[in-house]
1. Just tell me which lysines come within less than 24 Å, Cα to Cα, of Lys53; anything on the same chain fewer than 8 places away is out.
2. State to the nearest 20 debye the size of the charge dipole of the stretch 6-75 about its Cα centre, where the only charges are +1 on K and R beta carbons and -1 on D and E beta carbons.
3. Exposure proxy check: Leu14, Leu63 ranked by fewest other beta carbons within 10 Å?
4. Amide H neighbours of Asp16 under 5 Å, counting only residues 5+ apart in sequence or on other chains, H built in-plane at 1.01 Å?
5. Rounded, prolate or oblate: which fits the stretch 6-75, taking a ≥ b ≥ c as square roots of the Cα gyration tensor eigenvalues, rounded meaning a/c under 1.5, else prolate when a/b beats b/c?
6. Go through 31-43, 83-95, 50-62 and give me the packing order, highest mean Cβ count within 10 Å leading.
Amino acid sequence: MAPRLKVFTTSDGLTDYVVAASSKPKALAAWGSHQDLFKTGLAHETDDPELVKAATAKPGEVLRRPAEARAALDAKAEALAAQHGARRAKLETALSAARRAPG
């Protein structure tokens, strides 16, 4: 039997992120968060019918929309992940170069 999906939401102030997952740790992993957003109160489970319907249609995929808006959810998780990965790689390369530089 498949685990029951719950719908979780968080926001960075500009964008709301919604995901259907079986647990809080899986939601955090989907968002790419290394911080427990639930413990700090920045994320929570939601029962908003619109969000539940959209998120459960695409379990595990991060849906986003403008913060506090009732706009349609935009499923661009792969593009966001690739963009985040490229930024992170660039920052890590710069940090490594700075550490190697004599000084």
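1. List returned: Lys6, Lys24, Lys26, Lys76.
2. Details: 9 positive and 10 negative charges, 41 e Å.
So the magnitude is around 200 debye.
3. Values: Leu14 9, Leu63 22.
Fewest-to-most Cβ neighbours within 10 Å comes out as Leu14, Leu63.
4. Here the answer is Arg65, Ala67, Glu68, since their amide H atoms fall under 5 Å of that of Asp16.
5. On the way: a/c = 1.62, a/b = 1.20, b/c = 1.35.
Oblate, since a/c reaches 1.5 and b/c is not below a/b.
6. Numbers: 31-43: 13.8, 83-95: 10.3, 50-62: 16.8.
Peptide ranking by packing, descending: 50-62, 31-43, 83-95.
Where a number appears in this text, it was derived from the coordinates with a stated rule and is not lab data. Predicted, not measured: the structure shown is a model, and the values here were computed from it. So basically every Cβ, Gly included, is an ideal-geometry build from the backbone, and we count neighbours across all protein chains shown.
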